[in-house]
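Some notes on the structure that comes next.
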């Protein structure tokens, strides 16, 4: 990480406009390199903060791939209030932006976190605000600060206050497996188990209302789709068809669930209206059709099909009989997920041979494919609601892990602190739980 | 892997013996299935014309045949896992031999079985659920062709969720691409 930061600093100092000679990375609002930003540890007057809030902010901004936080040990001074800032100190370390903050305890024992963002070259305050919450919400406060900074600089909504679902499995000495569905912060912190089973759980899908999850459970020794309320744990079995019941996908307005059934002879995609329970057939082909993903218009569905011989990605419109093939590069493309602006399709891609499966991003306009990962047994990519980051499951050093990658491919980090073999991440939508 | 090949090879030999045994009613024994534990009542290896021997010898050789048949059948019925090539749901020829035995057994017993389809870990989970089902359906279709009523057969896929061998190379993967016949 140090070397990368040094290179970035050098690049900035040389006023070089491209870090990667072989790729032209186009990011929104004309920002084409990671911005050096200094996030100074927040002061806490008369109290101790249970978390390093400034580090949470720093990591969030780094994860987006758009910011290059400067290491603390390079800081010349540690301002916590506007009057303490010496801009020369920040030009000296190459910072383009500066974030400072301080926390204090309110009479009702809540924490108040004041923060401010400065443009170093212009020596100007860009943003100053405060946010309050309980001690238990300190991580949420920090993520909120990161969201505000991200939005202020890029113009896009930050996705740092979002959540993640994922599955873990553990085998004991007798070979018995336990499967768990977890609910955590997007960065893997504060994971809670919301379902535990001795049979497989797969394909969790976060509802667009941010309150429910759909998933496949084998608790009846066959795959069936359930919907569960995340807060209350209340569950409802949604399907009970013979054969496959799988790959649930919520429509953007949450009124429908698309999924796969093989009841009519082979795996096809159907859409269920949750209110009326009316089932509509979406695909009609003897090949395997699976892994549906809705477009924002609530009518387009992307899916995986091996109708051409091997899995590739197609799209269709509800109610029409037309299907259009979307992927043509590589001998296996599956599990499509669209970025928020629908310009990028993220998927699992196999280039040649049969053993290497990588997360890839296809620019739908330019039809250019970019490999995002440096591992070779990747699965289940999920995209942040602002399209800036991807989390996927893969294997590293003999373990199943979750990796977070910025969509521009600059930053890649293993989500820490999760035990067992983890897989099947599912990103939440933007949540209205901001403090 | 080597062991599996061995038992399949043995099964093939037994199958060949069965075929030969059924075709000839004259007490000929195939050298391949001579029972090494046979006492003085057993015929010698190499086969002889049964009419050239006495009644006692013919009875003993058909008993031997029966025992060989039963042993062969038991071996085939003991084979309840069928393996597949990568990305494939085609049954291997050696699988068909064992499935024939299962078909006969199922027709006769009327028992129900579950055909459980599996894949190795590579690729996406839901596609693998579908691929596992396709493999189990290949077994189901073959058994139905051999006369097993479809009501006796149930298909379930576990995709990559339930590997037989936990490992991340071809030696493990090849043992996970399978259909299991469960009673």
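Can you tell me the length gained on complete extension of the stretch residue A:198 to residue A:134, counting 0.36 nm per residue apart and subtracting the Cα distance?
Result for the pair: 19.4 nm of gain on full extension.
Any number yet on Rg/Rh for region A:131-198, C-alpha, Kirkwood?
1.19
What does the extension gain come out to for residue A:170 and residue A:234, with contour length at 0.36 nm per residue minus their alpha carbon separation?
Between residue A:170 and residue A:234, full extension yields an extra 20.6 nm.
Which log10 I(q)/I(0) values does region B:68-121 give at q = 0.19, 0.24 Å⁻¹ under the Debye formula, counting every alpha carbon as one identical point scatterer?
Evaluating at q = 0.19, 0.24 Å⁻¹ gives log10 I(q)/I(0) of -0.74, -1.03.
What does the extension gain come out to for residue A:363 and residue A:91, with contour length at 0.36 nm per residue minus their alpha carbon separation?
94.3 nm
Could you work out how far apart the two model spin labels at residue A:219 and residue B:78 are, taking each label as a point 7 Å from the Cα in the direction of the beta carbon, and quote it in nm?
A separation of 4.0 nm, rounded to one decimal place.
To make sure I understand, if each residue's beta carbon is the centre and we count other beta carbons within 10 Å, what order do A:430, B:86 fall in, fewest to most?
Taking fewest neighbouring Cβ atoms as first place, the list is B:86, A:430.
Between residue B:165 and residue A:318, what is the spin-label point distance in nm, taking each point 7 Å from the Cα along the Cα→C-beta axis?
Spacing of the two 7 Å Cα→Cβ label points: 4.6 nm.
To the nearest 0.05, what FRET efficiency results for residue A:307 and residue A:354 with a Förster distance of 25 Å applied to their C-beta separation?
The value I calculate is 0.80.
Be a star and scan region A:189-203 for residues whose amide nitrogen sits under 17 Å from the point 7 Å along the Cα-to-Cβ vector of residue B:182.
The answer is A:197-202, whose backbone nitrogens lie closer than 17 Å to the label point.
Sort A:326, A:39 by Cβ crowding within 10 Å, fewest neighbours at the top.
With the fewest neighbours first, A:326, A:39 line up as A:326, A:39.
Among A:297, A:140, A:172, which one shows the highest mean-square fluctuation when chain A is modelled as a Gaussian network with alpha-carbon springs under 10 Å?
Comparing A:297, A:140, A:172 in a Gaussian network model of chain A, the most mobile one is A:172.
For chain A, divide the Cα radius of gyration by the Kirkwood radius and give the resulting Rg/Rh value with two decimals.
Looking at chain A, the ratio lands at 0.99.
Scaled to the compact-protein estimate 2.2 N^0.38 Å, what is the alpha-carbon radius of gyration of region B:96-183, rounded to two decimal places?
Against the empirical 2.2 N^0.38 Å value, I get 1.13 for region B:96-183.
At residue A:371 and residue B:108, where each label point lies 7 Å from the Cα along Cα→Cβ, what is the point-to-point distance in nanometres?
5.5 nm
Which order do A:427, A:90 fall in if you start with the one that has the fewest other Cβ atoms within 10 Å?
The most exposed by this proxy come first: A:427, A:90.
How big is the antiparallel share of DSSP beta bridges in chain A, given as a percent to the nearest 5?
90 percent
The numbers here are math on the coordinates, done by the rules we state, and not lab data. Just so it is clear, the structure is predicted and the values come from calculations on it, not from any experiment. Here Cβ is always computed from backbone atoms with ideal geometry, including for glycine, and neighbour counts include all displayed protein chains.
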